[in-house]
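One structure is given here, and the rest of the page talks about it.
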Amino acid sequence: MERDSQLKLYGQVADQLKEAHTRVRALQVPEGVRMALSRKLLVITAAAKHDLPDAARRLDRLMKDLDEGRFPEGG
């Protein structure tokens, strides 16, 4: 049963990562900001391989930040 919930979470995270990448590519922001967001997505993707629930939480926070227009400093 736990494996089923893990697979479901993996599918949700994968779908949300795809959406996040699409949204980041479409943003009208300076290139440095886009690169910072892309790095965050890469870190979340790597984290998903070792700690899926933590990666899901990080991704939820990132998506909320995108929804609210909060972007990292890009330089």
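The values are calculated or read from the model by the stated rules, or taken from the named source; none is laboratory data. This one's a predicted model, so the numbers in the text were calculated from it and none came from an experiment. So basically every Cβ, Gly included, is an ideal-geometry build from the backbone, and we count neighbours across all protein chains shown. With ligands, DNA and RNA removed, areas are computed over all heavy atoms of the protein, side chains included. Shrake-Rupley method; radii C 1.70, N 1.55, O 1.52, S 1.80 Å.
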From the list ARG39, ARG70, pick out the single residue that is open to solvent by 50 Å² or more (accessible area, probe 1.4 Å) and either β-branched (Val, Ile, Thr) or not in a helix (DSSP H, G or I) (or both). ARG70
Suppose the filter is part of a helix (DSSP H, G or I), small (Gly, Ala, Ser) and touching a residue at least 12 places away in the same chain (Cβ under 8 Å); does GLY32 pass it? yes
Flag if GLN16 is at pLDDT below 95 and in a helix (DSSP H, G or I): no
I'd like to check something: does the range 45-64 contain any residue that is surrounded by fewer than 16 Cβ atoms within 10 Å (Cβ to Cβ), within 10 Å of the chain's Cα centre (by Cα), among the β-branched types (Val, Ile, Thr) and not in a loop (DSSP other than H, G, I, E, B)? no
